[in-house]
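The values are calculated or read from the model by the stated rules, or taken from the named source; none is laboratory data. All figures in this text were calculated on a predicted structure; none of them were measured in a lab. Neighbour counts are summed over all protein chains in view; Cβ atoms, including those assigned to glycine, are modelled from backbone coordinates with ideal geometry. For the accessible areas, the whole protein counts, side chains as well, though only heavy atoms, and no ligand, DNA or RNA atoms are used. Shrake-Rupley method; radii C 1.70, N 1.55, O 1.52, S 1.80 Å.
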Amino acid sequence: ANGRLFTQAESMSKHYKCPCLLIEFDPAKSFSLQNQNELGVEIRTDAVCSKMSLLAMHFPKLRILWSRSPHETLRIFKALKTNHEEVDVDKAVEVGSNESIDALLNEGGCEDDEEDEVNDAARDMLLRLPGVNLHNARKIMKECDTIAELAEMSREKLREIAGPVTGQKLFTFFRQKMAAT
C-alpha cells in the first residue's frame, strides 16, 4: 500500500536490462497469491492480483519469478546463473548512485553522445508528467520530438495522441500558472 514495490520495480527497470521480481511462497501454505473465490472481474486497490496486474502492465520488461520454497528459489538462481559471469557485488550495491549510473551507461567502452543523454532525460521527464505511462508515452514520442513541442499542442491534439483523460491532464498541467510564494 505504500508504493515500495512500485518504486523498486521502477528502479530495477531503469538500472537493469532484465529486471526480475522474485515471489517466494511459504512451503507450508498454498502456492497462490489469492483465494480463487476472492478473484473478481474488476481491478480493486485491495486485491493482490490487481496490484500484480498493474505492476506487470506498467513495467513490461519486468520478469516475475515464482518459487514454492527457499529450496526452489536456490534451484532457480542456479539455473539463471548458468553461463553467466559472477556478479560484481560492489557494482550491484552502488547501482542508483550517480557515479555508478554513469559507469553502467558507459560500460561498453562506447561513449553516448550528448543527444542520447538529453533524450534519456526527456523520456524520464515525460514519464513523470500527469497521466503519462509507458503505453501512452510511446504514442506521444511518435508524435512529437520535444517536451516543448508537447507543451504547445492543442487540447484536441493532446487528447488524440494521449487519450481523453491524459490529454486533458497534460493540457491543464502545461497551462497552469505556478503559484507565487
Identity of the residue in the range 162-181, in a loop (DSSP other than H, G, I, E, B) and within 16 Å of Gly131 (Cα to Cα), that ends up least open to solvent (accessible area, probe 1.4 Å):
Gly163
Does the range 141-159 include one or more residues that are touching a Pro at 6+ places or on another chain (Cβ under 8 Å) and open to solvent by 40 Å² or more (accessible area, probe 1.4 Å)?
no
Could you name every one of the helices (runs of 4 or more DSSP H) located completely within the range 42-161 that has at least 1 residues being at pLDDT below 80, over 19 Å from Cys18 (Cβ atoms) and over 22 Å from the mean Cα position of the chain (by Cα)?
89-94, 114-127
